[in-house]
1. Would you confirm whether or not the stretch 69-78 contains a residue that is in contact (Cβ under 8 Å) with a residue 12 or more places away in the chain and within 19 Å of T188 (Cβ to Cβ)?
2. Cβ-Cβ under 7 Å, sequence separation 6+ or interchain: first residue in the stretch 249-270 and under 19 Å from L20 (Cβ atoms), partner part of a loop (DSSP other than H, G, I, E, B) and of a type in the set (K, R). Which pairs?
3. Search the stretch 172-202 for residues being among the acidic types (D, E) and within 21 Å of P59 (Cβ to Cβ), and hand back the single one that is most open to solvent (accessible area, probe 1.4 Å).
4. In the stretch 240-252, what residues are open to solvent by 80 Å² or more (accessible area, probe 1.4 Å) and more than 19 Å from the chain's Cα centre (by Cα)?
5. So which residues in the stretch 145-201 are among the polar types (S, T, N, Q), more than 15 Å from G23 (Cβ to Cβ) and either part of a strand (DSSP E or B) or in contact with an Asp or Glu (Cβ under 7 Å, 6 or more places away or on another chain) (or both)?
6. Take D76 and decide whether it is open to solvent by 40 Å² or more (accessible area, probe 1.4 Å), assigned to a helix (DSSP H, G or I), acidic (D, E) and at pLDDT 95 or above.
7. I'd like the full set of residues that are part of a helix (DSSP H, G or I) and open to solvent by 10 Å² or more (accessible area, probe 1.4 Å), limited to the stretch 79-106.
Amino acid sequence: MHVREWGSEAGRPLVFWHALGSGTSGAYLTEVAPTLTAAGLWLLAPDAPGFGESPALPPERYETGSVVGMVRGLLDERGIDRAILMGHSWGGTIMTAFAAANPERVDGLVLVDSGQMDYQDAPGFPHGKSYDDLVEDARAPERTIRTTAEDFEHDAQEEVRRPITPELMEAFRAGLREEDGQLVSIVTPETRASAMYGLMDTRVTESWPAIAEAGTPILLLLATEPKETREQNRRAAAVFAERFPEAEIHFLEGAGHDLFADAGPELARI
């Protein structure tokens, strides 16, 4: 895997796993990295296989246990005994699974609109779909990017709930490549389908008992937009707080599921 790094190896290690999107990668830490490294953190953010600059793998390698092994391998390769783990969306599922299986290697868990509930209980979860079904879903125009650079920047600003900084645009562009004068998604429908299929049977709540028993410190950051998301997260946070009474939970006002895009500076401050 290609691993993006910020800060010094003398800092406290934080490993980040990104979301499953049409233009995501480890570069999603680009804008928030200066704030985090100034706090003494050493950031390592892999591009998941098939995203950013990492080559894709066969579909079976995206099963949650296999991806957890990739995180463990990164820690081993860098000589890191313990780290803070941070995950956004898909990444939160991976990091909760890692924390449950390897609590002795986790200093803390930062969950970015993830880990607060089972995705199987969320509206739109692809229950019963095959791998081939998921590939077809991933080929839908709304789930891919193919556009000019000018249109991409315009459309991105239309979707993000704050002015886009050059650093945030850099993070977005890291998940794209140029083809015939256009910007297109690096991640293929097959890779997105593989990652989604690998998640189908993974319930984050099954990781909760081991994490609670270990007493792992948790920071949970939650979206508030749109209205349905706020209500869903309000209910989920109540259950999460009951299970993890010591967890620190923050709702980021005016932010949708992509908290890095909508509220990166506030996310970093917290």
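The values are calculated or read from the model by the stated rules, or taken from the named source; none is laboratory data. From a predicted model like this one, the values you see are computed outputs, not experimental measurements. Positions of Cβ are backbone-derived with ideal geometry, glycine not excepted, and every protein chain shown enters the neighbour counts. SASA here: full protein model, heavy atoms, side chains in, ligands and nucleic acids out. Shrake-Rupley method; radii C 1.70, N 1.55, O 1.52, S 1.80 Å.
1. Yes; the residues of the stretch 69-78 include at least one that is in contact (Cβ under 8 Å) with a residue 12 or more places away in the chain and within 19 Å of T188 (Cβ to Cβ).
2. Matching pairs, first to second residue: A255/R161; G256/R161; D262/R161; D262/R162.
3. The residue in question is D201.
4. E242, R243, P245, E246
5. T165, the sole residue that qualifies.
6. Yes: the conditions hold for D76.
7. A97, A100, A101, P103, E104, R105
Yes/no matrix, rows are residues, columns are (1) in contact with a Cys (Cβ under 7 Å, 6 or more places away or on another chain); (2) in contact (Cβ under 8 Å) with a residue 24 or more places away in the chain; (3) within 29 Å of E31 (Cα to Cα); (4) open to solvent by 40 Å² or more (accessible area, probe 1.4 Å):
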| residue | (1), (2), (3), (4) |
| --- | --- |
| G108 | no, yes, yes, no |
| L134 | no, yes, no, no |
| T144 | no, yes, yes, yes |
| T148 | no, yes, yes, yes |
| E158 | no, no, yes, yes |
| E170 | no, yes, yes, yes |
| V204 | no, yes, yes, no |
| S207 | no, yes, no, no |
